[in-house]
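Colleague: Got a structure for you, questions after.
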Amino acid sequence: MNQTVFAPWDDPDEKPLIQFRNVTKRFGDFTAIDDLTLDIYAQEFFALLGPSGCGKTTMMRMLAGFETPTEGNILLSGQDIAPIPPNKRAVNMMFQSYALFPHLSVRDNIAFGLRRESKDKAKIDERVEEMLRLTRLTKFAGRKPHQISGGQRQRVALARSLAKAPKLLLLDEPLGALDRKLREETQFELMDIQEKTGTTFVIVTHDQEEAMTVASRVAVMDEGKLIQVATPDVIYEAPNSVYVADFIGDVNIVEGRASQTGDKVDVAWAEGQPPIHATTQKRFDRDAQCYFAIRPEKVHISKERDDSRPNVLQGKVIDIAYLGNISTYHVRLADGTMMKAQSANTRRLANRGITWEDEVWLSFTDTAGVMLAR
Amino acid sequence: MRRFALIAVPYLWLLALFLVPFLIVLKISLSDITLSIPPYSPKLDLSAGWAGFVEFIRALDFENYVFLTQDDLYWKAYLSSLWIAFVSTLITLAVGYPIAYGMARAAPEWRPTLLMLVILPFWTSFLIRVYAWMGILANEGLLNQTLLALGIIDSPLQILNTTAAVQIGIVYTYLPFMILPIYATLEKMDESLLEAAEDLGCSRLSAFWLVTFPLSRGGIIAGCFLVFIPAIGEFVIPSLLGGSDTLMIGKVLWEEFFSNRDWPVASAVAIILLAILIIPIVLFQRNEQKEREAGT
Ligand SMILES: Nc1ncnc2c1ncn2[C@@H]1O[C@H](COP(=O)(O)OP(=O)(O)O)[C@@H](O)[C@H]1O
Ligand SMILES: [Mg+2]
């Protein structure tokens, strides 16, 4: 975590670098982006997260200048960018496919953008060397793109898009083609580079872990709309809807009827089961439909009834997913509902108490889950 | 053994269809003209045994090649063929590249149709298509009639029976051979490369020169050779569309062979033509090799 909290979005005096103002983008009669309003601040590492086809690439392409909004406008540093062609924008994009020029060496690829705006060879060379060092590509500078590995290609694409020191760098699923280990390494590298250069990054991803790792804020999208825009911890701990809760990480969702007194809610959710006790700042009408969402790691599992938490449910272990450091237990409650509970494997496998078909007790506090209206 | 058999097939093919005819032509080019059937000597008489073979070899000489250097008709015809082929290739490139480019940028559902249209002329006889050009280019032909009717010219232009007509014919005939390889390279080019170029500050035009053009170089080179190589030895087009002053080696060769019945000189002309063609053919092969390597 940052020592001084970086949260320009909470500061009303801060001017956003990018503003989407009621932007709608249609392709024919298909609406790809639907009346979207969003502020992104300088030096943010902003992640767009959503299922395939929800309009992430379209947003990036509008920022880069390859698409124009059908309605609404996009401001960069307070200026409408609609009339500015892509080659005049202080925005660079790292393409999903990298789009490296196959006929040029790594060095020439990186120098490509610099040569378009300057004739000063010494200065260009200096900048290219700097980029090569930053992305640890100095050794490969003379090679063609087809002579280097996927991870190196990805770094060339990054170096090329960073070389012109854009105000805004767009990364469209930059790490999609990398294997897991390389991807994690590169995520940290990206964060490191972002910190060093102070460039504003907007990254598209459909990998929620990646978004959580790198981003200062995450926007969760669905069908051309923003569902929630918040810091990763808020998205995870306080999703604003079932959609977000379900999209990010593992979650148990229980549908029921609310009855609220103050900030306490009882959720009646199944015949013969005690109501779930929860805490919320929201208002729920009596008997209104509501959802209770709780992460598996916040559900405690034990063989003995544990009354130290206000919610206790009995069930039977149907399945155990052993993930090494943790195990996820799939438990069937008396009414047939499945609920997942997670616990850290602090002991070796042989010493673990709970196994298949065991009768177990699940328990959680009234603040462990979140109440959602939709 | 199986590998040997596999390799042997193409080599036997080459031997039968290229090397054997080549050796026959080479042998004839070293012979002397006679009034006989076939019209040259010596002829190899295998019944005479070894002595006969030695006799046969002794009778071969380079007289015909020496003759080719003495009459300036021949080297002028070679040079003029090279020049006509070169100019025609450039024109074909200038016409073919935009067509290939337009095809590659057309909507994907249109591409097969456009490709079909390029190949369609091959469905009718080449000879008929060249004759059709005679009808178009003649003094009272379609082109002149149209221009006269429009009042652009007062008297018919002399196009038929000139070198220009030959070049028009070559460009028309070989255009598909230029379009197809260029189209192939342009079509497989990733469009995001152009967006990347624009993103990095290129205008549309400079993106074309810095990205599209260099990336289609392989196709351009292949197309140019595919036009240039056969155009040098072209015979039908100059004899139908060209005039008496259009000198092309294919026509010379034909006349030596059929009008003069001088097979040895005709063969010598052919051998030298082949020697000239080997250079561009080797260069072409090299280009193909490089393209294949870059493609992997
Ligand atoms: N040029 C286009 N023409 C028509 N439809 C498009 C075009 N570009 C994108 N779309 C549609 O817009 C939607 C959003 O696409 P995109 O932004 O690429 O999604 P993703 O979130 O996967 O990046 C998709 O349904 C896609 O089919
Ligand atoms: Mg996309």
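Colleague: In what order do B:Trp50, B:Trp83 fall by count of nearby beta-carbon atoms within 10 Å, going from fewest to most? The partial results should precede the final answer.
Modeller: Values: B:Trp50 7, B:Trp83 14.
Ascending Cβ contact count within 10 Å gives the list B:Trp50, B:Trp83.
Colleague: Find how much the distance from B:Lys188 to B:Ile152 grows on full extension, using 0.36 nm per residue of separation minus their present alpha carbon separation; answer in nm with one decimal.
Modeller: Numbers: separation 36, 0.36 × 36 = 12.96 nm, distance 4.31 nm.
Here the answer is 8.6 nm.
Colleague: Treat every Asp and Glu Cβ in chain A as -1 and every Lys and Arg Cβ as +1, leave all other atoms uncharged, and give the resulting dipole magnitude about the Cα centre to the nearest 20 debye. Intermediate values should be presented prior to the final figure.
Modeller: Values: 48 positive and 52 negative charges, 359 e Å.
It works out to roughly 1720 debye.
Colleague: Then there is this: Step through the table entries A:Lys56/A:Lys139; A:Lys144/A:Lys196; A:Lys144/B:Lys188; A:Lys15/A:Lys264; A:Lys196/B:Lys290, compare each Cα-Cα distance with 30 Å, and write down the pairs that go over it.
Modeller: A:Lys56/A:Lys139; A:Lys15/A:Lys264; A:Lys196/B:Lys290
Colleague: In nanometres, what is the gap between the two model label sites at A:Lys196 and A:Arg180, each 7 Å from Cα along Cα-to-Cβ?
Modeller: With each label point 7 Å from Cα toward Cβ, the separation is 2.8 nm.
Colleague: Quick one: putting +1 on the C-beta of Lys and Arg, -1 on the C-beta of Asp and Glu, what dipole do you get for the protein assembly as shown around its Cα centre, in Debye to the nearest 20? The partial results should precede the final answer.
Modeller: Details: 65 positive and 76 negative charges, 244 e Å.
Taking the Cα centre of the protein assembly as shown as origin, the dipole is about 1180 debye.
Colleague: Search the structure for amide H atoms under 5 Å from the amide H of A:Ala42, placed 1.01 Å from N in the peptide plane, and list their residues when 5 or more places away or on another chain.
Modeller: Those lying under 5 Å, H to H, from A:Ala42 are A:Leu17.
Colleague: Rounded to the nearest Å, what's the spacing between the alpha carbon centres of segment B:207-252 and segment A:229-297? Just the number, please.
Modeller: 75
Colleague: When only C-alpha pairs under 8 Å and at least 6 residues apart count, what is the relative contact order of segment A:8-243, in percent? All intermediate terms of the calculation are to be shown ahead of the outcome.
Modeller: Values: 433 pairs, mean separation 64.1, N = 236.
Taking the mean separation of contacting Cα pairs over the length of segment A:8-243, I get 27 percent.
Colleague: Calculate how many DSSP beta bridges within the protein assembly as shown are antiparallel, expressed in % of all such bridges and rounded to the nearest 5.
Modeller: That works out to approximately 80 percent antiparallel.
Colleague: Let me ask another. Springs between alpha-carbon atoms under 10 Å, Gaussian network over chain B: tell me which of B:Leu12, B:Leu115, B:Leu90 tops the mean-square fluctuations.
Modeller: B:Leu12
Colleague: Compute the separation of the alpha-carbon centres of segment A:172-222 and segment A:104-135 and state it in Å as a whole number.
Modeller: 24
Colleague: Can you give the FRET efficiency to the nearest 0.05 for A:Ala165 and A:Ser97, using r as the Cβ-Cβ distance and R₀ = 25 Å?
Modeller: So the FRET efficiency works out to roughly 0.60.
Colleague: Say R0 is 60 Å: what FRET efficiency, to the nearest 0.05, do A:Lys88 and B:Asn260 get from their beta-carbon distance?
Modeller: 0.30
Colleague: Also, quick follow-up: When a/c reaches 1.5 or more, the comparison of a/b and b/c decides; with that in mind, is the protein assembly as shown rounded, prolate or oblate per its Cα gyration tensor?
Modeller: Working: a/c = 3.17, a/b = 2.42, b/c = 1.31.
Note, shape of the protein assembly as shown comes out prolate.
Colleague: A further question on this structure: Give the order of A:Trp269, B:Trp75, B:Trp110 when sorted by the count of other beta carbons within 10 angstrom, beginning with the fewest. Spell out each step's value before the answer.
Modeller: Details: A:Trp269 18, B:Trp75 13, B:Trp110 10.
The fewest-first ordering by Cβ neighbours comes to B:Trp110, B:Trp75, A:Trp269.
Colleague: When the Cα centres of segment B:18-41 and segment A:318-374 are compared, how far apart do they sit, in Å?
Modeller: The distance from the Cα centre of segment B:18-41 to that of segment A:318-374 comes to 94 Å.
Colleague: Indicate, rounded to the nearest 5 percent, the antiparallel portion of the DSSP beta bridges found entirely in chain A.
Modeller: Once the DSSP bridges in chain A are tallied, antiparallel ones form about 75 percent.
Colleague: Suppose R0 equals 30 Å. What FRET efficiency, 1/(1 + (r/R0)^6) with r the Cβ-Cβ distance, do A:Val5 and A:Arg133 give to the nearest 0.05?
Modeller: Step by step, r from the Cβ atoms, then E = 0.45.
Colleague: Still on this model: Pick from A:Asp319, A:Asp120, A:Asp222 the residue whose mean-square fluctuation is largest in a GNM of chain A, springs joining Cα atoms under 10 Å.
Modeller: Looking only at A:Asp319, A:Asp120, A:Asp222, the biggest GNM fluctuation is shown by A:Asp120.
Colleague: Next up: Which length gain, in nm to one decimal place, applies between A:Lys225 and A:Thr337 when the Cα-Cα distance is subtracted from 0.36 nm times their residue separation?
Modeller: On the way: separation 112, 0.36 × 112 = 40.32 nm, distance 3.15 nm.
Answer, rounded to one decimal: 37.2 nm.
Colleague: Please list, or write none, the lysines whose alpha carbon is within less than 30 Å of the alpha carbon of B:Lys43, excluding same-chain residues fewer than 8 places away.
Modeller: B:Lys27, B:Lys251
Colleague: Below 8 Å between Cα atoms, with a sequence gap of 6+, how large is the relative contact order for chain B in percent?
Modeller: Details: 314 pairs, mean separation 76.5, N = 296.
So the answer I get is 26 percent.
Colleague: Listing A:Val360, B:Val9, A:Val218 from the residue with the fewest other Cβ atoms within 10 Å to the one with the most, what is the order?
Modeller: B:Val9, A:Val360, A:Val218
Colleague: Return the long-range amide H neighbours of A:Glu67 (sequence gap of 5 or more, or a different chain), with a cut-off of under 5 Å between placed amide H atoms.
Modeller: Sorted by chain and number, the residues that satisfy this are A:Met62.
Colleague: Can you list residues from other chains, or at least 5 along the same chain, whose modelled amide H is less than 5 Å from the amide H of A:Val204?
Modeller: A:Leu48, A:Leu171, A:Asp172, A:Glu173
Colleague: For chain A, modelled as a Gaussian network with Cα springs under 10 Å, which listed residue fluctuates most, A:His103, A:His206, A:His330?
Modeller: Per the Cα network of chain A with a 10 Å cutoff, A:His103 tops the list.
Colleague: Could you derive backbone 3J(HN,Hα) for segment B:148-161 from the dihedral phi with the Karplus parameters 6.51, -1.76 and 1.60 (θ = phi - 60°), listing whole Hz in sequence and x where the residue is Gly or Pro?
Modeller: 5, 4, 7, x, 6, 10, 9, 10, x, 7, 7, 10, 4, 6
Colleague: Same structure again: Using unit Cβ charges (K, R positive; D, E negative) and no other charged atoms, how large, in debye to the nearest 20, is the dipole of segment B:255-296 about its Cα centre?
Modeller: 160
Each value in this text was obtained by applying a stated rule to the coordinates, not by laboratory testing. Everything quoted here is computed from the prediction, not taken from an experiment. Cβ atoms come from the backbone with ideal geometry, glycine included; neighbour counts cover every protein chain shown.
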